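The values are calculated or read from the model by the stated rules, or taken from the named source; none is laboratory data. Please read all numbers here as calculations on a predicted model, not as lab measurements. Ideal geometry is used to build each Cβ from the backbone, glycine not excepted, and the neighbour counts take in all protein chains shown. Heavy atoms of the whole protein, side chains included, go into the accessibility calculation; ligands, DNA and RNA do not. Shrake-Rupley method; radii C 1.70, N 1.55, O 1.52, S 1.80 Å.
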Amino acid sequence: MKVLLTGNKGLLGTGITPFLKDRFDVVGLDIDEWDITDRESGEAIIARERPDALINCAAMTDVDGCEDRKELAEKVNSGGAAILAGICNRYNVKLIHISTDYVFDGTKGLPYNEEDAPNPLSFYGKTKLWGEQHVLAKAPLSIIIRGQWLYGDGGEHFISKVVKAAGERGSIQVVDDQRGSPTYAKDIAGPLAVLIEKGEPGIYHVSNSGSCTWYELAREVFSVLRMDVQVAPISSQTLNRKAVRPAYSVFDTKKVRDATGIVMRSWQEALREYLRKGPTPE
Ligand SMILES: NC(=O)c1ccc[n+]([C@@H]2O[C@H](COP(=O)([O-])OP(=O)(O)OC[C@H]3O[C@@H](n4cnc5c(N)ncnc54)[C@H](OP(=O)(O)O)[C@@H]3O)[C@@H](O)[C@H]2O)c1
């Protein structure tokens with residue numbers, strides 16, 4: 001099977017590509033080769049490559065930046081997804097589109113399943129939800145994978161940032177009122193590969209199992225690394241970031257487990273593997 005992947009130099013693209021290559025003929029392209037907002041070049045690339053499937057990892061993911069650059073955020077996350085869906089539908093290419101837990105408002109208090117109504121709090125979340133809606137409307141046979149709290153080797157993320165900050169300052173403050181499931185980007189590859197091959201169309205929630213707050217995650221990181229760092233819990237209000245994040249965005253992952261037979265490992269186990277081989281602060 002030939003699989004095209006957009007945004008391949010990003011965190012998720014970097015994490016999943018080596019594993020997908022064991023199974024598929026993968027062609028990865030980043031923004032300099034394929035800007036997903038450019039309909040003509042997208043059409044030309046699909047016509048040239050004739051893939052069986054397209055994984056869209058391209059997105060504007062700077063959550064606070066999306067509040068400042070709304071036009072660009074909408075163009076990439078919503079408009080780009082719509083363009084890809086239209087092309088995939090015309091060329092009979094199976095689209096696997098990546099979305100986010102930030103489509104939820106975090107008030108449910110129980111793990112979110114795929115039937116729960118989205119209600120994004122941030123402009124990033126809104127644009128990602130619009131992207132999902134375009135995908136389902138224009139290419140109804142598509143698969144949407146919602147991920148969350150990703151880390152891995154492909155760039156900056158929470159873990160690389162706290163390790164770097166702690167190394168510089170010896171003490172850090174971390175929010176303790178947002179709960180989710182840290183997810184090793186490469187762990188998305190297993191279920192994604194099965195869904196490409198035999199997944200029913202629709203939305204799937206994929207994350208490592210268990211949950212924690214960002215504060216608890218930071219504590220676990222320093223404990224595994226045996227770093228003596230003072231970590232102080234603070235509230236989101238104190239941090240006062242531009243975009244509001246959901247207080248609780250843990251996923252119910254039963255649907256993907258039933259569909260793929262894959263039981264996602266715990267966030268602690270995945271984190272230990274990642275840290276054992278050495279985090280990659282930028
Ligand atoms: N990171 C997380 O914690 C997280 C959580 C939930 C869901 N997700 C979703 O997972 C997917 C992948 O995210 P990620 O964490 O891998 O983000 P990322 O590291 O920012 O990667 C996104 C990639 O897309 C590229 N890109 C931006 N605009 C583009 C355009 N117009 N055309 C083509 N490529 C473009 C970026 O290039 P530049 O770097 O040059 O801009 C980057 O290489 C996204 O859909 C995101 O919403 C991520």
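Assorted remarks:
- Meets criteria (open to solvent by 10 Å² or more (accessible area, probe 1.4 Å), touching a Lys or Arg at 6+ places or on another chain (Cβ under 7 Å) and closer than 19 Å to Ile196 by Cβ) for Leu141: yes
- Looking at Ala47, Ala85, just one residue is open to solvent by less than 20 Å² (accessible area, probe 1.4 Å) and farther than 23 Å from Leu150 by Cα, and that residue is Ala85.
- In the set (1) within 11 Å of the ligand (Cβ to nearest atom); (2) over 16 Å from the mean Cα position of the chain (by Cα); (3) within 13 Å of Ala189 (Cβ to Cβ), Glu33 fails one condition alone, (3).
- Candidates Ala270, Ala193, Ala232, Ala259: the one that is within 15 Å of Gln148 (Cβ to Cβ), at pLDDT 95 or above and hydrophobic (A, V, I, L, M, F, W, C) is Ala270.
- Checking each residue in region 88-97 for being open to solvent by less than 20 Å² (accessible area, probe 1.4 Å) and not in a helix (DSSP H, G or I) picks out Val93, Leu95, Ile96, His97.
- When residues of region 206-232 are limited to those that are hydrophobic (A, V, I, L, M, F, W, C) and part of a helix (DSSP H, G or I), the one surrounded by the fewest Cβ atoms within 10 Å (Cβ to Cβ): Val224
- The listed residue being open to solvent by 20 Å² or more (accessible area, probe 1.4 Å), hydroxyl-bearing (Ser, Thr, Tyr) and closer than 29 Å to Lys198 by Cβ, out of Thr107, Thr37, Thr100, Thr14: Thr14
- Members of region 154-189 that are within 24 Å of Lys21 (Cα to Cα) and open to solvent by 30 Å² or more (accessible area, probe 1.4 Å): Glu156, Lys186
- Tally of residues being open to solvent by less than 50 Å² (accessible area, probe 1.4 Å) and either free of Cβ contacts under 8 Å to residues at least 12 places away in the same chain or not basic (Lys, Arg) (or both) across region 119-138: 10
- Filter pass, Val63 being open to solvent by 10 Å² or more (accessible area, probe 1.4 Å), touching a Lys or Arg at 6+ places or on another chain (Cβ under 8 Å) and on the phi < 0 side of the Ramachandran plot: yes
- Residue ID - farthest from Thr127 (Cα to Cα), chosen from residues in region 50-91 that are polar (S, T, N, Q) and near the ligand (Cβ under 8 Å from one of its atoms): Asn56
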